[in-house]
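Novice: Take this structure, written in structure tokens, and hold onto it; I'll ask about it next.
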Amino acid sequence: MSKINDLNLNNWKEYEDIFTDSLWIIGARDKSGAHTGEYHGNFIPQIPNQLMRRFTKKGDVVLDAFLGGGTTLIECRRLGRHGIGIELIPKIAKAAKNNIAKQKFLNGKIQVSIIVGDSTKKKTRDLTIQMLKNYGKKDVQLIIMHPPYHDIIKFSNNSDDLCNAKTLEDFLKKFGDVVNNFTDLLEKNHYLAIVIGDKYTNSEWVPLAFYTMQETMKNPDLRLKSILVKNIVGNRAKRNQEHLWRYRALAGGFYIFRHEYILVFQKS
Ligand SMILES: C[S@@+](CC[C@H](N)C(=O)[O-])C[C@H]1O[C@@H](n2cnc3c(N)ncnc32)[C@H](O)[C@@H]1O
């Protein structure tokens, strides 16, 4: 099997900062470079950073099917990976573009591009293939997906936005369409990572991450490699209300979300 990263395993003890455990306890958000943390609903840059260093080499292509504020493409510029980000909402894509442009190339000049489109649609896949051709590439080496956690943050009013899926079944169907739309473009033996959390509806814990995992496992070309649990710090909606939430949890017999998941699949 060909090597999928730039790690030199003869010096494996030097990579102390690369996670190999399934529990990811991360302290403060990385706010260096162009990472501002301003986009509501973004993931912390340490997530794409860890995934890219373990599962890609310099010059490889990373595809993010739910770009949002552009965290993944900023990391691409820092780590020297080509990047393609897909974002449905033009306004969000424009803001991401401006932000990404502020990031210096720290590891050679690579190309990063944004496609404004719906990741569930074949047309968006065709545009991605065209973009790969422009890069002189035929496939991607890592796919990152950080979809809306169904309806817990309203990113837009667009009916194609996964946050506006009418039911859980509809959300899962659309998410499955995104997985199937892009898995063909992933090079064999390479990785697809889904970042997702659970939610509460009508006082009931909805294991959205597990449902999403199950949906992804329907794709015969993907095999589950790891379920990672990552801590959540400083949830914006709950900031400054820690005591109130603790009281509510004690009174209501529930636990406050302090973790989300990174589901790691490999294309077989
Ligand atoms: C959780 S956010 C991603 C945040 C991103 N990881 C970051 O760090 O900024 C999800 C994004 O997916 C976008 N989105 C929702 N439905 C989509 C679809 N069908 N196709 C493409 N993007 C979509 C939303 O507009 C939102 O910006």
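The values are calculated or read from the model by the stated rules, or taken from the named source; none is laboratory data. Here the structure is a predicted model, which means the values were calculated and not measured. Neighbour counts are summed over all protein chains in view; Cβ atoms, including those assigned to glycine, are modelled from backbone coordinates with ideal geometry. The protein model used for the area step is the full one, side chains on, heavy atoms only, and it has no ligands, DNA or RNA in it. Shrake-Rupley method; radii C 1.70, N 1.55, O 1.52, S 1.80 Å.
Novice: Taking residue 61 as meeting all but one of (1) more than 19 Å from residue 266 (Cβ to Cβ); (2) touching a strand residue (DSSP E or B) at 6+ places or on another chain (Cβ under 8 Å), write down the number of the exception.
Specialist: (1)
Novice: Checking the condition near the ligand (Cβ under 10 Å from one of its atoms) and without any contact (Cβ under 8 Å) to a residue 60 or more places away in the chain, which residue from 59, 108, 85 passes? Please lay out each step first, then the result.
Specialist: Numbers: 59 fails: near the ligand (Cβ under 10 Å from one of its atoms); 108 fails: near the ligand (Cβ under 10 Å from one of its atoms).
Exactly one residue qualifies, and that residue is 85.
Novice: Having 3 or more residues that are under 26 Å from residue 159 (Cα atoms) is the bar; report the strands (runs of 3 or more DSSP E) wholly within segment 35-145 that clear it.
Specialist: Numbers: elements: 61-64, 82-87, 112-116, 140-145.
Result: 82-87, 112-116, 140-145.
Novice: Scan (1) touching a strand residue (DSSP E or B) at 6+ places or on another chain (Cβ under 6 Å); (2) of a type in the set (Val, Ile, Thr); (3) open to solvent by 80 Å² or more (accessible area, probe 1.4 Å) for the single condition residue 233 breaks and write down its number.
Specialist: (1)
Novice: So the check is Cβ under 7 Å with 6+ separation or different chains; which pairs have a first residue in segment 126-138 that's open to solvent by 70 Å² or more (accessible area, probe 1.4 Å) and a second one that's part of a helix (DSSP H, G or I)?
Specialist: Pairs that qualify, where the first residue is open to solvent by 70 Å² or more (accessible area, probe 1.4 Å) and the partner is part of a helix (DSSP H, G or I), are 138/132.
Novice: On to the next question. Could you check segment 165-209 and list, in sequence order, the residues that are part of a strand (DSSP E or B) and within 12 Å of the ligand (Cβ to nearest atom)?
Specialist: Restricting attention to segment 165-209, the residues satisfying the condition of being part of a strand (DSSP E or B) are 186-196, 199-201, 204-206.
Matches in segment 165-209: 193, 194, 195, 196.
Novice: Take the residues in segment 32-48 that are surrounded by fewer than 20 Cβ atoms within 10 Å (Cβ to Cβ) and more than 10 Å from the ligand (Cβ to nearest atom), then tell me which one is modelled with the lowest pLDDT.
Specialist: Top of the filtered list is 36.
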